[in-house]
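Take a look at the structure below.
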Amino acid sequence: MSADPTQQVFQMIDARRDELIELTRELIRIPTVNPPGDAYQPCAEFIGRRLAKRGFAVEYVHAAGTPGDTTRHPRINVVARREGDAPGPCVHFNSHIDVVQAGAGWTLDPFAAIVKDGMVYGRGACDMKGGLAASIIAVEALIDCGAHLPGTLEISGTADEETGGYGGVHYLAQRGWFSPGRVDHVIIPEPLNVDRVCIGHRGVWWAEIETLGRMAHGSMPFLGDCAVRHMNAVIDRLERDLYPRLAARCTDMPVVPSGARHATLNINSVHGGAAEPCGYPAPCVPDSCRMVIDRRVLIEENLDGVKAEVRDLLEQLVRDRPGFAYRIRDIFEVQPTMADRNGPVARSTAAAIRRVIGRDPEFICSPGTYDQKHIDRIGKLRDCIAYGPGILDIAHQADEFVRIDDMVNSAKVMAMAARSLLLGAA
Ligand SMILES: [Zn+2]
């Protein structure tokens, strides 16, 4: 064994490569598909049982009454905490245990966790059971090295990230589990590539716009007022006025891919006219047309301004277009968030990447959101980043995989970063 304590931890992680693979496979084989939120309890208990053997105090938190929580699909979270030999900071690794539906297009069984060509395949391999397994091996190696570290290590496995985190980190943050004083530094092992430190994400506003018309017989459309044509006028205004403005707005956040450095708006869906229950359209003028928009928000923008911009455009149409009437409804919103890249957790993770991977890490922000928003906005804990082994583009795809070398390397990075944070050396 090397005399350098960091090198000792690395050697221990290398020696546990097979254990890391097996742990990832066991996690993938528990099909925690969300929605609906299957198998949270066995998955949380699997993690809890393992960590209890290493001296962690394990608590299961049932997010009762949150969306989707039923007797059949209880929202169960696990939080494991291990206090060290002396007082010191608390370093927390948070992973979501839910995965999205397998979907079509797989060439292998999505829940068999097959190992092939240096990769583990399966739904959740990349997002994010590979990262969860790497963080567990990292923390266990730190403990087993026998060095007397001050401070506290925590690992949580949380529910519902894929559907907004309300039965997971949102619930825990509201109840103080992520409050400064209890926790100081958080690493979320989301799949953002093994050499990148993700310091935040853009915000989101989802809304439904409905245009209103008047029904009439399809053979005499002049007797009615077509809601779909009114919606066309909305889309036309978006194209003409809003899209160029959004494209001209560019953020200082280091969002990847670079196209997402601009403010963006997706039209998620448009529904207009009568339903077609037997495959036959009805000869009616539609009196309603609905559109769902997904607006992604830069840190330089504010949500009120973002909403006002769309409302102004609709109000202009009320003035300019005869018969134009609309309703707008908020569905969902998230503020953008960004941690300090010179903060302790970003700095220590970057230093560990330099040592383990041998190159300068890239600091990035995510185009979409993840649970950091709840830790920052509700928990008021700013020193939080995402760092994990998976490849971002592979998440949610068929034949999802995680590279075993990336898991081993990211476990070393997490162990080294946690060690320097506990020692206050970051
Ligand atoms: Zn994820």
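Sorting 412, 129 from the fewest to the most surrounding beta carbons within 10 angstrom yields 412, 129.
Taking 240, 54, 382 in turn, the Gaussian network model of the chain (Cα-Cα springs below 10 Å) assigns the largest fluctuation to 240.
Students often get this wrong: which residues of segment 257-288 have the backbone nitrogen under 13 Å from the point 7 angstrom along Cα-to-C-beta of residue 220? Within reach of a label on residue 220, which here means backbone N under 13 Å from a point 7 Å along Cα→Cβ, segment 257-288 contributes 285. By the rule of a C-alpha distance below 16 Å, with chain neighbours fewer than 8 residues away ignored, no lysines are paired with residue 412. Note on segment 65-145: the C-alpha convex hull projects to 8.7 nm² when averaged across all orientations. Here the alpha carbons of segment 121-244 define both size measures, Rg and Dmax, at 25.2, 83 Å. Specify which residue in the list 314, 88, 110 is farthest towards the positive end of the charge dipole of the chain, using unit charges on the beta carbon of Lys, Arg (+1) and Asp, Glu (-1), about the Cα centre. Ranked along the dipole, the leading option is 88. Relative to the longest principal axis of the Cα atoms of the chain, the long axis of helix 40-52 makes an angle of roughly 20 degrees. Counting beta carbons within 10 Å around each of 383, 294, 14, 304 and listing the fewest first gives the order 304, 14, 294, 383.
Structural size metrics of segment 227-323, computed from C-alpha coordinates, are Rg and Dmax of 16.5, 52 Å. In the distance distribution for segment 272-366, Cα-Cα pairs more than 16 Å apart total 74 percent.
Note on the chain: GNM, Cα springs under 10 Å; of 234, 78, 255, the largest mean-square fluctuation is that of 234. The coefficient of translational diffusion for the chain, derived via Stokes-Einstein from the alpha carbon Kirkwood radius under 10 °C and 1.306 mPa s, stands at 69 µm²/s.
So what is the orientation-averaged projected area of segment 49-96, using the convex hull of its C-alpha atoms, in nm²? Don't skip to the end; give the middle numbers.
On the way: hull surface 18.3 nm².
With every direction weighted equally, the projected area is 4.6 nm².
Rounded to the nearest 10 degrees, the inclination of helix 344-357 to the longest alpha-carbon principal axis of the chain is 70 degrees. Once both labels are positioned 7 Å from their Cα atoms along Cα-to-Cβ, the gap between residue 396 and residue 175 label points is 2.9 nm. Working from Cα pairs under 8 Å separated by at least six residues, relative contact order for segment 170-329 is 32 percent.
In the chain, the longest principal axis of the Cα atoms and the axis of helix 303-320 are about 10 degrees apart.
For segment 117-170, the pair-distance distribution built from all alpha carbon pairs, in bins 10 Å wide starting at 0, is 19, 38, 29, 14 percent. For 53, 373, 307, the sequence from fewest to most other C-beta atoms within 10 Å is 53, 307, 373. Of the cross-linked pairs 307/373; 116/373; 129/307, those separated by over 28 Å at the C-alpha level are 116/373; 129/307.
Choose one answer from 157, 203, 88: the residue with the largest mean-square fluctuation in a GNM of the chain with alpha-carbon springs under 10 Å. Maximum fluctuation in the GNM of the chain, among the listed residues, is at 88. Under the criterion of Cα pairs below 8 Å and six or more residues apart, the relative contact order for the chain equals 24 percent. Starting from 0 in steps of 10 Å, tell me what percent of the Cα-Cα pairs of segment 353-419 lands in each bin. Whole-percent P(r) values from 0 Å outward: 16, 41, 36, 6.
Every read-out reported here was derived from the displayed coordinates using simple, explicitly stated rules and does not represent laboratory data. It should be emphasised that the depicted structure is a prediction, and the values quoted were computed from it without experimental measurement. As a convention, Cβ positions derive from the backbone with ideal geometry for all residues, glycine included, and neighbour counts pool all protein chains shown.
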